1. Provide the gained length on full extension for the span R4 to E68, in nm with one decimal, where the gain is 0.36 nm per separating residue minus the Cα-Cα distance.
2. Only helical DSSP H runs with n ≥ 4 go in: add -39500 (n - 2.57) per run for the chain, normalise by residue count and round the 222 nm mean residue ellipticity to 500 deg cm²/dmol.
3. Among the GluC sites (Glu not before Pro) within the stretch 8-47, which fall in a DSSP loop and have no more than 14 other Cβ atoms within 10 Å of their own Cβ?
4. What percentage of the solvent-accessible surface of the chain, computed with a 1.4 Å probe over protein heavy atoms, is contributed by carbon and sulfur atoms?
5. Per residue, what accessible area does the chain have, given a 1.4 Å probe and all protein chains present, in Å²?
6. Name the residue from P44, G30, C14 whose Cα lies farthest towards the positive end of the charge dipole of the stretch 1-51, charges +1 on Cβ of Lys and Arg and -1 on Cβ of Asp and Glu.
7. From the list [x] 6.3; [y] 6.8; [z] 4.3, can you say which value of mean projected area of the Cα convex hull in nm² was derived from the structure given?
8. How big is the dipole moment of the chain about its Cα centre under a simple scheme where the beta carbon of each Lys and Arg is +1, that of each Asp and Glu is -1, and everything else is neutral? Debye, nearest 20, please.
Amino acid sequence: MRFRWKRESSRAACISATVTRVILRKLDMGAALELALPNYAVNPEAISQLEYKRLLKDSMKELKRIEESRQSCTGYQRQRG
């Protein structure tokens, strides 16, 4: 049986759920992806190694983007006037 997502937006949702688990629960990326994948895929056991690596890579990019935007906002203080 082929690997399939439940919806078109499931891949993006899976990446978001993975990053959220990494940030909030302090899990490593692989464990977080293993927890998130069954919620968004019809048959998560049929995922190819290539797709799994792509999901990990995209999740790491998203986590890096979030951390960079978080760091850039910490130095900013709103002045009241």
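1. Full extension from R4 to E68 adds 19.8 nm.
2. Working: 3 runs with 54 residues, N = 81.
Theoretical 222 nm ellipticity from helices: -22500 deg cm²/dmol.
3. Details: sites: E8, E34, E45; in loops: E8.
For GluC sites (Glu not before Pro) across the stretch 8-47 that sit outside H, G, I, E and B with at most 14 neighbouring Cβ atoms in 10 Å, the list reads E8.
4. Its accessible area is 50 percent carbon and sulfur atoms.
5. Numbers: 6340 Å² over 81 residues.
Counting only protein heavy atoms, the per-residue value for the chain is 78 Å².
6. The residue sitting most towards the positive pole is C14.
7. Comparing each candidate, only [y] matches the computed number.
8. I would put it at about 260 debye.
The values are calculated or read from the model by the stated rules, or taken from the named source; none is laboratory data. Please read these numbers as outputs of a predicted model, since none were measured by experiment. Methodologically, a virtual Cβ is constructed for each residue, glycine included, from the backbone with ideal geometry; neighbour enumeration extends over all protein chains shown. Just so you know, the surface numbers come from the protein's heavy atoms only, side chains and all, with ligands and any DNA or RNA stripped out. Shrake-Rupley method; radii C 1.70, N 1.55, O 1.52, S 1.80 Å.
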